[in-house]
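J.: Structure in structure tokens, see below.
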Amino acid sequence: MTTSVIIVSYNVAEHLRRCLMSLALQTKLPDEIIVVDNASADETVSMIKREFPHVRLITNAENRGFAKAVNQAMRISRGEALLILNPDTEVPPTTLDALGSYLAQHTDVGIVGPKIIKPDGSLELGARKTLPTPNVAFFRMIGLARLFPRHKTFARYNLTYLDPDGIYPVDIVSGSCMLVRRVVAEKLSGFDERFFMYAEDIDFCYRAGQAGYNVHYVGAVTITHVHGASSRKRRLQSIFHFYRSMWLFYNKHFAAGTFVLLRPFVYAAILLRGTLAFLWNGLLRRPGHFA
């Protein structure tokens, strides 16, 4: 199975350098690597041209967002499988081979994602998720998921009651690293470009499931992710796009099925949570977390 790696970059030259170096050490090298740079102001473009001339580089004149940039790369890619990968990740040598083999051996699986760990070795909870229906999101937003991480109802969103080293079907795997069959990407027409950043992976996996493709989490395979390396540099913009994506996702998938008198309360909850996060980060300059 041939594989195209797709990376969207924005002002993370040093992280991207380490990511590309890790890809060069894979036991099964990707057939092509495509980097879409969203108008970085750092040395990203010159670094790629100088140090990684084999990389297919697309340079955008403006920041087009994650979904649009991924779709740009998908349209010119050649692989039977597409590895969507964040630039602030480092990929152990056997990762690409292991994920590709799993996808090849499980013909009913359309998307597969690995276990994601932080630089300190802890688990990134967003590696596997349940679809954030209003009730699932509610338990997380009010803190019950954090208080009761082993509870099968309260902790459904991040599935913290499941073995992080296990292998099982899930609703969502992280867009930080997901291997997608080309036929799935083509059937779904890529990512929904209304999502500038955040939730496009949730929407993509959900639509894949609706189209009849299984999504699997493979905890035996790992990558390291420096979460939010780019978004921390634009903290307030990231908060805006995160809660805007929540609004879009709810409106797209759940609003029509919600009792009409309850919809304003859902929208108000998203707006309130977003406003508080904006004020907390903007006035007090505390770091945000958007997983």
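What follows draws every value from the coordinates through simple rules; no lab data is involved. Bear in mind that the values here come from a model prediction, so they are computed numbers and not experimental data. Virtual Cβ from ideal backbone geometry, glycine too; neighbours counted across all protein chains shown.
J.: If I model a spin label at V260 and H54 as a point 7 Å from the Cα along the Cα→Cβ vector, what separation in nanometres do I get?
T.: It is 6.0 nm.
J.: Normalising by the residue count of the chain, find the relative contact order in percent from Cα pairs under 8 Å and 6+ residues apart. Numbers along the way, then the final one.
T.: On the way: 546 pairs, mean separation 58.8, N = 291.
20 percent.
J.: Step through the residues of the range 50-56 one at a time and calculate ³J(HN,Hα) from phi using the Karplus curve (6.51 cos²θ - 1.76 cosθ + 1.60, θ = phi - 60°), rounding each to whole Hz and writing x for Gly and Pro.
T.: 7, 9, 9, x, 6, 6, 7
J.: How would the range 1-93 be classified by its alpha-carbon gyration tensor: rounded, prolate or oblate, with rounded meaning a/c under 1.5 and the a/b versus b/c comparison settling the rest?
T.: oblate
J.: Hey, another quick one. Among the trypsin sites (Lys or Arg not before Pro) within the range 4-103, which fall in a DSSP loop and have no more than 15 other Cβ atoms within 10 Å of their own Cβ?
T.: R78
J.: Could you tell me the number of lysine pairs in the chain with C-alpha atoms less than 22 Å from each other, where the two lysines are 8 or more residues apart or belong to different chains?
T.: 11
J.: Here's something else I'd like to know. How large is the helix-only mean residue ellipticity at 222 nm for the chain, computed as the sum of -39500 (n - 2.57) over DSSP H runs with n ≥ 4, divided by its residue count, in deg cm²/dmol to the nearest 500?
T.: On the way: 10 runs with 111 residues, N = 291.
Using -39500 (n - 2.57) per qualifying helix, the result is -11500 deg cm²/dmol.
J.: Among Y102, M74, H225, whose Cα lies farthest out toward the positive end of the dipole of the chain, if unit charges sit on the beta carbon of Lys, Arg (+1) and Asp, Glu (-1)?
T.: Highest projection toward the positive end goes to H225.
J.: Given 10 °C and 1.306 mPa s, how large is the Stokes-Einstein diffusion coefficient of the range 62-119 in µm²/s, with Rh as the Kirkwood radius over Cα pairs?
T.: 118
J.: On C-alpha positions alone, give me the angle between the axis of helix 13-23 and the longest principal axis of the chain, in degrees, nearest 10.
T.: Taking Cα atoms only, the helix is inclined about 70 degrees.
J.: Per residue, how much space in cubic angstrom lies within the convex hull of the C-alpha atoms of the range 3-230? Walk me through the intermediate numbers first.
T.: Details: hull volume 27.1 nm³, N = 228.
Per-residue hull volume (Cα only) is 119 Å³.
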